[in-house]
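Step one of this worksheet: look at the structure below.
The values are calculated or read from the model by the stated rules, or taken from the named source; none is laboratory data. Just so it is clear, the structure is predicted and the values come from calculations on it, not from any experiment. A quick note on method: Cβ atoms are made from the backbone with ideal geometry, for glycine too, and the neighbour counts reach across all protein chains shown. To get the accessible areas, we keep the full protein, side chains included, count just its heavy atoms, and leave off ligands, DNA and RNA. Shrake-Rupley method; radii C 1.70, N 1.55, O 1.52, S 1.80 Å.
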Amino acid sequence: MSLKLWTHCSVATLQADAVQPYGLVADAALVVQGAQVLWVGPRAALPHDLEARCVVRHDAGGALITPGLIDCHTHLVYGGDRAQEFELRLQGASYEDIARSGGGIASTVAATRAATPQELTAQSTKRLQQLMAEGVTTVEIKSGYGLALAHERKCLQVARALGQAHAVDIRTTFLGAHALPPEFAGRADDYIAEVLRMLPVLHAEGLVDAVDAFCERIAFSPAQTARVFEAARALGLGVKLHAEQLSDSGGAALAAGFGASSCDHLEWLSEEGASAMAAAGSVAVLLPGAFYFLRETQLPPVDLLRRQGVPIAISTDSNPGSSPCTSLLLMLNMACTLFRLTPEEALAGVTRHAAQALGLRDRGVLAPGKRADFVLWDVQRPAQLAYALGANPAIQTIFKGEAR
Ligand code: NIG
Ligand code: FE
């Protein structure tokens with residue numbers, strides 16, 4: 001198999017055990033074999049025989065290279081929008097008020113149910129392409145706006161098809177327990193039973209990579225969440241949770257008890273929740289877009305997460321209600337500005353730790369044997385990726401060893 005070489009670049013490998021911040025290698029060389037990295041390190045240390053075997057040589061023009069970005073928490077496939085709800089919130093209504101009066105997620109459910117797969121694909125493609133333009137190479141997409149078998153299937157099929165149609169890896173998550181659909185009003189336990197009927201069917205159709213739930217006073221209780229997680233476990237599926245977004249329900253500790261790969265949002269996370277996550281190896285996925293857009297004031301406990309050694313990931317949470325956002329770079333900036341992450345923590349949060357949040361060991365860092373998903377950026381220093389607001393310095397993205 002022919003080898004490809006990139007030189008005239010610096011590489012932020014994001015390797016966990018690196019001595020340099022960001023795992024930065026100045027004047028680097030990167031060798032790719034097929035869809036994998038074969039060698040990365042200082043140009044001067046590149047073995048001559050390896051260099052001689054590189055038949056394709058790229059001058060990166062002084063670019064900074066990072067791993068492909070990973071957006072590990074999105075609700076990218078949905079119908080309609082919630083601009084009208086945005087106007088209501090500007091007039092004083094809260095996100096919870098709107099949800100309780102039948103709007104919020106329920107209004108997106110109605111629009112998503114009414115949309116054809118073609119319409120959903122057309123809307124979602126635009127959002128996916130906006131993410132990809134900023135060097136995103138892996139995207140997690142949740143269902144949860146169908147809330148009935150046919151519509152959950154439709155959304156998951158659209159998500160899978162997006163991955164077939166684009167040079168990007170899509171991981172699907174079944175979020176049937178996202179909200180109570182109107183036909184189950186007042187019967188949350190019955191709806192959970194319905195979720196338990198949907199899950200094995202969708203799983204058997206190859207549409208589910210993981211299972212999520214929304215554990216919150218406006219959504220499902222810890223006991224109901226546990227029923228969903230038991231069902232996931234019985235199928236051998238990994239779990240994750242929307243936890244402690246608006247209140248402390250003890251969701252993070254519950255999810256950690258099921259070995260969750262991640263707990264997400266976490267503004268109201270307790271000390272016990274954080275230590276349970278640390279013990280389970282669960283990643284904390286922080287979502288600055290939702291914090292900002294809902295004008296939350298309760299900050300996620302970043303110092304507690306650091307103290308407990310819980311890895312932190314950052315994601316767009318791209319969705320119509322709490323974070324209508326398709327810029328992962330903007331989330332880097334907001335993670336630093338709003339949550340006081342360092343730019344290095346933020347960049348690890350959209351690479352190494354985002355991969356861990358999805359249970360993916362083959363990406364998120366640049367090292368031999370890892371996937372050759374990487375981005376060439378027109379910046380001198382990695383911190384510039386988190387520093388700029390609204391800029392997109394991506395020059396080129398390589399996905400599985402090929403330019404896209
Ligand atoms: O991650 N918290 C629950 N789910 C989404 C919001 C969904 C919506 O409002 O449409 C979130 O914030
Ligand atoms: Fe979410």
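For S107, the test of being more than 13 Å from ligand 1 (Cβ to nearest atom) and either closer than 22 Å to A177 by Cα or among the hydrophobic types (A, V, I, L, M, F, W, C) (or both) is failed. Scanning the range 241-261 for residues that are in a helix (DSSP H, G or I) and away from ligand 2 (no atom under 16 Å from the Cβ) yields a total of 4. Just one of the listed residues (T112, T66) is within 11 Å of ligand 1 (Cβ to nearest atom) and of a type in the set (V, I, T), namely T112.
Is there a residue in the range 277-290 that is in contact with a Phe, Trp or Tyr (Cβ under 7 Å, 6 or more places away or on another chain) and away from ligand 2 (no atom under 16 Å from the Cβ)? So far as the range 277-290 goes, no, none of its residues is in contact with a Phe, Trp or Tyr (Cβ under 7 Å, 6 or more places away or on another chain) and away from ligand 2 (no atom under 16 Å from the Cβ).
Just to be sure before I move on: is V31 surrounded by 19 or more Cβ atoms within 10 Å (Cβ to Cβ), without any contact (Cβ under 8 Å) to a residue 60 or more places away in the chain and farther than 30 Å from Q118 by Cβ in the structure I sent? Answer is yes for this residue.
Contact map, the range 382-404: residues that are in contact (Cβ under 8 Å) with a residue 40 or more places away in the chain paired with residues that are acidic (D, E) and open to solvent by less than 30 Å² (accessible area, probe 1.4 Å), Cβ distance under 7 Å, separation 6+ or inter-chain. Pairs shown: N392/E134; A394/E134; I398/D373; F399/D373; K400/D373. Among the residues of the range 65-102, those that are within 30 Å of A403 (Cβ to Cβ) and either among the acidic types (D, E) or out of contact with any Phe, Trp or Tyr (no Cβ under 9 Å at 6 or more places or on another chain) (or both) comprise L69, I70, D71, C72, H73, T74, L76. One residue alone among T13, T7 is surrounded by 16 or more Cβ atoms within 10 Å (Cβ to Cβ) and within 26 Å of the chain's Cα centre (by Cα), and that residue is T13.
Annotation note: of T66, T121, the sole residue that is buried (at least 23 other Cβ atoms within 10 Å of the Cβ) and either touching a helix residue (DSSP H, G or I) at 6+ places or on another chain (Cβ under 6 Å) or touching a residue at least 12 places away in the same chain (Cβ under 8 Å) (or both) is T66. Within the range 34-72, being of a type in the set (A, V, I, L, M) and either more than 22 Å from D362 (Cβ to Cβ) or part of a helix (DSSP H, G or I) (or both) holds for A44, A45, L46, L50, A52, V55, V56, A60, A63, L64. For T74, indicate whether it is in contact with a Pro (Cβ under 9 Å, 6 or more places away or on another chain), at pLDDT 95 or above and among the polar types (S, T, N, Q). For T74, the condition - in contact with a Pro (Cβ under 9 Å, 6 or more places away or on another chain), at pLDDT 95 or above and among the polar types (S, T, N, Q) - is not met. Taken over the range 354-398, the residue count meeting the criterion of being in contact with a strand residue (DSSP E or B) (Cβ under 8 Å, 6 or more places away or on another chain), over 15 Å from V31 (Cα atoms) and among the small types (G, A, S) is 6.
To keep it simple, each residue is scored yes or no on (1) within 21 Å of S261 (Cβ to Cβ); (2) in contact (Cβ under 8 Å) with a residue 12 or more places away in the chain; (3) surrounded by 19 or more Cβ atoms within 10 Å (Cβ to Cβ).
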| position | (1), (2), (3) |
| --- | --- |
| Q130 | no, yes, no |
| G135 | no, yes, yes |
| E140 | yes, yes, yes |
| S143 | yes, yes, yes |
| L147 | no, yes, yes |
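Among the conditions (1) in a strand (DSSP E or B); (2) away from ligand 1 (no atom under 16 Å from the Cβ); (3) within 13 Å of T225 (Cα to Cα), G176 misses just one, which is (2).
Residue check: is F374 closer than 18 Å to V40 by Cα and aromatic (F, W, Y)? So F374 passes the test. Number of residues in the range 317-335 that are under 23 Å from A243 (Cβ atoms) and more than 16 Å from ligand 2 (Cβ to nearest atom): the value is 1. Of the helices (runs of 4 or more DSSP H) contained entirely in the range 268-340, those carrying at least 2 residues that are surrounded by fewer than 24 Cβ atoms within 10 Å (Cβ to Cβ) and away from ligand 1 (no atom under 16 Å from the Cβ) fall at 271-280, 302-308, 328-339. Taken over the range 347-372, the criterion of being assigned to a loop (DSSP other than H, G, I, E, B) and open to solvent by less than 10 Å² (accessible area, probe 1.4 Å) is satisfied by V350, T351, G364, L366, A372.
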